[in-house]
Amino acid sequence: MADDTETAAGFPLGWTLLDLEFGFARSFGPVGFRETADQQLELGFRCGDRHLNPLGICHGGAIAAFADYAALGAQYAVGLSRIVTPTVTLSIDFLHPVLAGQWVTARVEITGLTRKMCFTQMVARVENTPVMSSRGIFKVSTRDELISHPFYLKCAELWPSRVVDREQEG
């Protein structure tokens, strides 16, 4: 049960469920987001039993899956005039163990953007402790190719301010 510092989903106050209920997102479990004052997207998840390895710490595969969510932060930053997916390459450094119950957060920085590729780096933290860093390259597609895809539609619903009319883009 949530206390006065958490939402019903077990997220800290101020976080919203990123409701991507299709594909692998269903297996990974709830991911939260919040839009920051500097117009970035911060992502977070609570390490649960489904994320643990046999030693009782967060499995590297779960951390890698969370690193792949960097595409969402990049999507938010780029806006919805282009689609940032799928993952081309992902490199991960595991820096510190994550324990059951800990809240893991991450922000994505776009280090480069071309017409066809988006380059990112991401650092995940538990409180102030870095637990993972990653670098990723994601394919960029035109909105026209994927505008009716459920992923695009859900992002447009969650972040209407990020929808840019292609004609306005110039």
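The values are calculated or read from the model by the stated rules, or taken from the named source; none is laboratory data. Fair warning: this is a prediction, and the values are worked out from it, not measured in the lab. Glycine also receives a Cβ, built like all others from the backbone with ideal geometry; neighbour counts cover every protein chain displayed. Protein only, heavy atoms only, side chains kept; ligands, DNA and RNA dropped before computing areas. Shrake-Rupley method; radii C 1.70, N 1.55, O 1.52, S 1.80 Å.
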So for region 142-151 (the condition being part of a helix (DSSP H, G or I) and under 14 Å from the mean Cα position of the chain (by Cα)), does at least one residue qualify? yes
Here the residues within region 50-80 that are among the polar types (S, T, N, Q) and either closer than 14 Å to Q121 by Cα or in a strand (DSSP E or B) (or both) are Q75
Looking at (1) among the hydroxyl-bearing types (S, T, Y); (2) out of contact with any Leu (no Cβ under 8 Å at 6 or more places or on another chain); (3) within 23 Å of C118 (Cβ to Cβ), which is the only condition S27 fails? (3)
On the basis of being without any contact (Cβ under 8 Å) to a residue 60 or more places away in the chain, buried (at least 18 other Cβ atoms within 10 Å of the Cβ) and part of a strand (DSSP E or B), does I83 make the cut? no
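So if I check each of R125, R135, R107, which one is of a type in the set (K, R), closer than 12 Å to F66 by Cβ and within 19 Å of the chain's Cα centre (by Cα)?
On inspection, the qualifying residue turns out to be R125.
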Output the number of residues of region 86-136 satisfying the condition of being free of Cβ contacts under 8 Å to residues at least 60 places away in the same chain, crowded, with 16+ Cβ neighbours inside 10 Å, aliphatic (A, V, I, L, M) and not in a loop (DSSP other than H, G, I, E, B). 7
Count - residues of region 33-50 that are open to solvent by 10 Å² or more (accessible area, probe 1.4 Å) and touching a helix residue (DSSP H, G or I) at 6+ places or on another chain (Cβ under 6 Å): 0
Taking region 14-41 as the search range and keeping residues that are assigned to a helix (DSSP H, G or I), over 11 Å from the mean Cα position of the chain (by Cα) and without any contact (Cβ under 8 Å) to a residue 24 or more places away in the chain, which one is farthest from Q75 (Cα to Cα)? S27
